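To keep things clear, I will list the structure first and then write my remarks on it.
The values are calculated or read from the model by the stated rules, or taken from the named source; none is laboratory data. Owing to the predicted nature of the structure, the values given are computational and were not obtained by experimental measurement. Glycine also receives a Cβ, built like all others from the backbone with ideal geometry; neighbour counts cover every protein chain displayed.
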Amino acid sequence: MHITRRPLATTSVSWVSLLWPLLLFLLHPLPTAADCECGYSTTTTTSGGAESDIVFSELLESDFTRVDYFGDDYKGPQRWARQAFDKTASTARGPFGEAYVTGNARSDIIATTAKNSKISNNDNCGLQLVVGSKVVDGMVQNAEIATMGQDYFHGTYRVGLKVTDVPGTCTAFFWYFNDTQEIDIEFLSHEFNRTNNSYPVNLVLQTAQSRAAGYDASRSDTGTFQKRELPFDPTAGFHEYRIDFLADRVVFYADGTVLAAMAGDGIPSVGGNLLLSHWSNGNPGWSAGPPAADARSVVSYVKAYYNSSNATRGKEARSRCERAPAGARRCRDRGGFFSDPGSGGSDNGGGDNANGQGNNNGDGHRNAASPSVAMGRMGALALVVALGAAICIVGL
Ligand SMILES: *[C@@H]1O[C@H](CO)[C@@H](O)[C@H](O)[C@H]1NC(C)=O
Ligand SMILES: *[C@@H]1O[C@H](CO)[C@@H](O)[C@H](O)[C@H]1NC(C)=O
Ligand SMILES: *[C@@H]1O[C@H](CO)[C@@H](O)[C@H](O)[C@H]1NC(C)=O
Ligand SMILES: *[C@@H]1O[C@H](CO)[C@@H](O)[C@H](O)[C@H]1NC(C)=O
Ligand SMILES: *[C@@H]1O[C@H](CO)[C@@H](O)[C@H](O)[C@H]1NC(C)=O
């Protein structure tokens, strides 16, 4: 059975917060009943525009503000990998090549263990994806992370993201199987215009047709390419961007509002992986750049609720639900993390077991107990907690 540390910070009384580190040391992880055996329920938007319930068996929740998934201290299941590869200028389809370097994907976690502390928009705690201004050997220095699993099939995929304001990069949140089975949300920082308040986002299904057209997504509103104006400045703060990938449609959202929906032959038919990247290759028709100064986009979290394309996992999910004790439930989305109700609201939709912990499928769906990860570094955290402030450790 999966055992998770109980979240503690459900109080805002500051003297209790001051005792936080002590409490954490004194308390052992408590065994908890498994739940969510019958999956995670949330809502999606139908083609008619109505909200409808939907349920998925699998979960990946990553809190990049509190866990350095790439650091030595991280002992949890490794579900993300920083990418290291090169694309030459010709395969990159730009005047410059692209070098993806692990050093450009940098964790800068929040310098407090308090779960209630919120990162403010002035802070950049989270995973920093950096595009360097310096071109090295004809290659722009870029950043990308990808899930190790390749079985992300129908699902709802969400990211908390603050986009760079330095012109000349592409920040992308995407689902990928191959170059004709791909779903992208792409921000081109050179397209933002503060003077007229224009903040477009590019929503793309890469299909066999777009391949035939030389992947020229710049011809707007070809059904599987849509440019939408955001109702806010994506460089000024964190917002949630979301892809709902379903059998018959793909729906794109910003902060829970539908930006576009796509249907038809371009909907992928297989499982793939999830990626976040920040890149430039100097192509004036797309990323533009390279940026004049180092550019960084910051990822605060990823929440993925999905069904696996791996038939064995599907079977396991069904039997997990069948075997679950009477009253075992489907958990309902409350806006926070299912795996961590202390993070702001997910709880159990079904009644008696409110701890929301311990999906017992044993492969590390659950987030590592983030407080313990952050603990080691926290000499002066008590003051920070008491002030309710959130600062990042490194302050990159
Ligand atoms: C995901 O899988 C579960 C369990 O098989 C199933 O009940 C549910 O309908 C699936 N969800 C979607 C959107 O296909
Ligand atoms: C991508 O995968 C699909 C499904 O397997 C396949 O039909 C298609 O030909 C592939 N595209 C490329 C470019 O390999
Ligand atoms: C704002 O300016 C950009 C050029 O920077 C232009 O493409 C866009 O259409 C303008 N938007 C509005 C709403 O005027
Ligand atoms: C931004 O928009 C303004 C007003 O539409 C326009 O005059 C200006 O040239 C635009 N800036 C850029 C960088 O495109
Ligand atoms: C499918 O899932 C099973 C059970 O989790 C796992 O053992 C197996 O390696 C997976 N297969 C693939 C191809 O990933």
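Within region 280-323, being in contact with a Lys or Arg (Cβ under 6 Å, 6 or more places away or on another chain) and β-branched (Val, Ile, Thr) holds for one residue alone: Val298. When Tyr176, Tyr157, Tyr152, Tyr241 are checked against the criterion of being surrounded by fewer than 22 Cβ atoms within 10 Å (Cβ to Cβ) and of a type in the set (Phe, Trp, Tyr), Tyr176 stands alone in meeting it.
All conditions in (1) away from ligand 3 (no atom under 16 Å from the Cβ); (2) part of a loop (DSSP other than H, G, I, E, B); (3) in contact (Cβ under 8 Å) with a residue 60 or more places away in the chain hold for Trp286, with the sole exception of (1). Of all residues in region 219-266, those being within 16 Å of ligand 3 (Cβ to nearest atom), among the polar types (S, T, N, Q) and modelled with pLDDT of 95 or more number 1.
If I ask for residues that are closer than 17 Å to Ala208 by Cα and of a type outside the set (Val, Ile, Thr), which ones from region 249-270 would you list? Steps first, please.
Quick first cut of region 249-270, residues closer than 17 Å to Ala208 by Cα only: 249-250, 262-270.
Within region 249-270, Arg249, Met262, Ala263, Gly264, Asp265, Gly266, Pro268, Ser269 meet the criteria.
Just so you know, in region 160-173 the residues that are out of contact with any Gly (no Cβ under 7 Å at 6 or more places or on another chain) and of a type in the set (Gly, Ala, Ser) include one that is surrounded by the fewest Cβ atoms within 10 Å (Cβ to Cβ), and it is Gly160. In this structure, Lys303 does satisfy being more than 16 Å from ligand 2 (Cβ to nearest atom), touching a strand residue (DSSP E or B) at 6+ places or on another chain (Cβ under 9 Å), over 14 Å from Ile185 (Cβ atoms) and not in a loop (DSSP other than H, G, I, E, B).
Would you check if there is a residue in region 197-205 being within 16 Å of ligand 4 (Cβ to nearest atom), polar (S, T, N, Q) and surrounded by fewer than 20 Cβ atoms within 10 Å (Cβ to Cβ)?
Yes, some residue in region 197-205 is within 16 Å of ligand 4 (Cβ to nearest atom), polar (S, T, N, Q) and surrounded by fewer than 20 Cβ atoms within 10 Å (Cβ to Cβ).
Residue-wise test of (1) in contact with a Ser or Thr (Cβ under 6 Å, 6 or more places away or on another chain); (2) away from ligand 2 (no atom under 16 Å from the Cβ).
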| position | (1), (2) |
| --- | --- |
| Val140 | yes, yes |
| Thr147 | no, yes |
| Trp175 | no, no |
| His190 | no, yes |
| Asn202 | no, yes |
| Ala212 | no, no |
| Gln226 | no, yes |
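Each residue in region 255-274 was checked for being surrounded by fewer than 21 Cβ atoms within 10 Å (Cβ to Cβ), more than 16 Å from ligand 2 (Cβ to nearest atom) and not polar (S, T, N, Q), and 8 of them qualify. Selection of region 64-106 for residues being over 29 Å from Ser339 (Cβ atoms), assigned to a loop (DSSP other than H, G, I, E, B), touching a residue at least 60 places away in the same chain (Cβ under 8 Å) and hydrophobic (A, V, I, L, M, F, W, C) yields only Phe96.
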